[in-house]
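Here's the structure we're looking at; comments come further down.
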Amino acid sequence: MSFSENGKGVAVICRWNEQFGRTETSSKGIENHWFVLTLLNSDEYREMEDYKDFYSNHCNEKVSLEVVDYHCLPGREMVAVCKTYWLKLIQRKWKKVYAQRKDIEKKRASIKELQYREQHGHWSNNVKSMPLLRGMLSTLS
């Protein structure tokens, strides 16, 4: 299988570790990168988990299957930038925001809250504000 030196794809990756070895041509700062163990083409998608399991059994570091941008460093090491990291964080945060929204909607449907709104023209303080997408990213954790 041939790949260019740069591109996008699905890869089995792990943090660089001393098990991979170091030579006089190794790139500086290689230990700060995700190391591409194998790139998968569309024919190999069915065997993704098999590749991941194989490398998990033969590597000291945690191995993961990720969507990546990959490129070669000057020392000819292929490294990757994970493209799913931020997506996972956003999904996790949205799940919490969505749960809060559902909880507020449920509370607003109660007789007590509906009567309060009818009498005062607005919702009570405990159901007044509905969490939004705006500002969600500033509170990622």
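Coordinate-derived values only; no laboratory data. Owing to the predicted nature of the structure, the values given are computational and were not obtained by experimental measurement. FYI the Cβ positions are ideal-geometry reconstructions off the backbone, even for glycines, and counts take in every protein chain you see.
For the chain, the longest principal axis of the alpha carbon atoms and the long axis of helix 85-108 meet at an angle near 10°.
Computed extension gain for SER124 through VAL97, at 0.36 nm per residue and net of the alpha carbon distance, reaches 7.7 nm. With each label modelled as a point 7 angstrom along the Cα→C-beta vector, the ARG76-THR23 pair spans 0.5 nm. Relative to the longest principal axis of the Cα atoms of the chain, helix 111-120 runs at roughly 70 degrees. Going from the residue with the fewest nearby Cβ atoms within 10 Å to the one with the most, ILE111, ILE90 rank ILE111, ILE90. Scanning residues 5 or more positions from ARG15 or on other chains, those with amide H under 5 Å from its amide H are PHE35, LYS62, with H placed 1.01 Å from N in the peptide plane.
Rounded if a/c is under 1.5, else prolate if a/b beats b/c, else oblate: with a ≥ b ≥ c from the C-alpha gyration tensor eigenvalues square-rooted, which is the chain? It comes out prolate by the Cα gyration axes.
Quote the charge dipole size of the chain about the Cα centre in Debye, to the nearest 20; the model charges only the Cβ of Lys and Arg (+1) and of Asp and Glu (-1).
Details: 23 positive and 18 negative charges, 287 e Å.
My answer is approximately 1380 debye.
What FRET efficiency do you get for VAL67 and LYS106 if R0 is 35 Å and r is their Cβ-Cβ distance, rounded to the nearest 0.05? The formula returns an efficiency of 0.45 here.
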